Amino acid sequence: MSRETARDAFVVVSVLVVVVIVAGQLAGQPVLLGYVTSGSMAPTLETGDGFVAVPAAVSGPIDTGDVVVFEAVELAGGGTTTHRVVGTTPEGYLTKGDNNPFRDQDGDEPPVTEERIVATALQVNGEVVRVPGIGTAITGFREAATSAVLGVTSAVGVDWSPDQRGLSGLFISIGLALLLVILADDLRNSSLRTRTRDRSRGDDGLDARWVALLLALLILVPANAAMIAPAGTHHVSVDGDDLPAGTAPGGTVENGFTAENNGLITMLVVLDTSHPDSEFDRTQLAVPQGASATATLSTTAPSPGERTAVAVSEHRYFLLAPPSLIMRLHAVHPLVAIGAFNVLVLGSIATLVGALVGSGSKRIRERRHGASLSVQLRRLFR
């Protein structure tokens, strides 16, 4: 491997890691790195300390003593919480902050189910790997990013107040743009090393690779943001002491989920829950341009004094392939489906540009005598 190739690979990997970490933190879903905003886990983790967050999909079975990041239902009004597992029940895990005198479940928080666990804190020899102060820096960066986005959107007359998912999609798009710029720079340097003869003849060129990169940048950055930013986990809580009128324990409580599409292409919205007492009337919503669609979640009403917490995942994909194919890819992993979309678009762009411009550099020679536009176009695409 040449030094230039190794350098480019290092830069690409570095950009990917940074983008994943930043996007995860902005979305409130720790990826590779998490942090705490309170002292409930002191002295293991002080306020503002970070930790290595291992995604739940690869962290393995949860054991008593593990420190987990989970989607709380009642704690601090809901949202992600980092506490230690101190026990198990048939309904889920019991959790507690190291600095708290009581378990979370001694209050209104229900036992933590598997689908609500986002990540596990990496431990070495029984000790959480701590990154002091990183959370304080991330919080400051998030506030600065929000202020910057608000300033730019206000300056151009756009009314957009970004939430965490919106910021996540923005930074993922920026990351994809950076990767494309890195690839473009590599192609440019390679082209400069091999085009000296053409330059000496005074020829200019239209490189198909540059055209493809430009189209990919213009299409894939906003497209990926449109799919990734709205994705996430929603939470529904059904309280046995506050059931809808006429609903008895063991009956059915219905909640509607409405998906809107403000884009130009039909979106396939995939809804899913693994809770045994809940199910959707339909898990796939094809939402046309400028329209909306609603799915109904039915949950078995709990007994008085009990509460059912249901986690619902939402994923979005452009409906450019048969829904059955998208769902097969989604079943493997949502990122596989998104990756397939990118491959499809890149392949289409490469085919289109190759048919119009060719696979290499198409030289355009200057003529002393003027030529009509139609003649010049025929020369360009010949």
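Please treat every number below as a calculation from the coordinates, not as lab data. Because the structure is a prediction, the values reported are computed rather than measured. In this analysis, Cβ positions are derived from the backbone assuming ideal geometry, glycine residues included, and neighbour counts consider all displayed protein chains.
Quick one, can you get me the convex hull of the C-alpha atoms of region 228-334 expressed as volume per residue in Å³? Cα convex hull per residue, to the nearest whole number: 106 Å³. With neighbours defined as other Cβ atoms within 10 Å of a residue's Cβ, the residues THR120, THR47, THR351 order from fewest to most as THR351, THR47, THR120. The ranking of ILE62, ILE326, ILE265 from fewest to most other beta carbons within 10 Å of each one's beta carbon is ILE265, ILE62, ILE326. Derived value for region 27-137: Kirkwood hydrodynamic radius 13.7 Å. Basis is the mean of 1/r over every pair of different alpha-carbon atoms. Computed on region 249-302, the Cα convex hull volume stands at 60 Å³ per residue.
The ellipsoid that matches the Cα gyration tensor of region 31-80 has semi-axes, each √(5λ) in whole angstrom, of 18, 15, 11, with the longest given first.
For a quick check: sort HIS83, HIS234, HIS330, HIS275 by the number of other beta carbons within 10 angstrom, fewest at the front.
Details: HIS83 25, HIS234 15, HIS330 21, HIS275 18.
The order, fewest Cβ neighbours first, is HIS234, HIS275, HIS330, HIS83.
Determine the relative contact order of region 27-137: mean sequence separation of Cα pairs under 8 Å and six or more apart, normalised by residue count, in whole percent. Reported relative contact order: 34 percent. In terms of packing, defined here as the mean over residues of other Cβ atoms within 10 angstrom, the peptides 310-319, 249-258 line up highest first as 310-319, 249-258.
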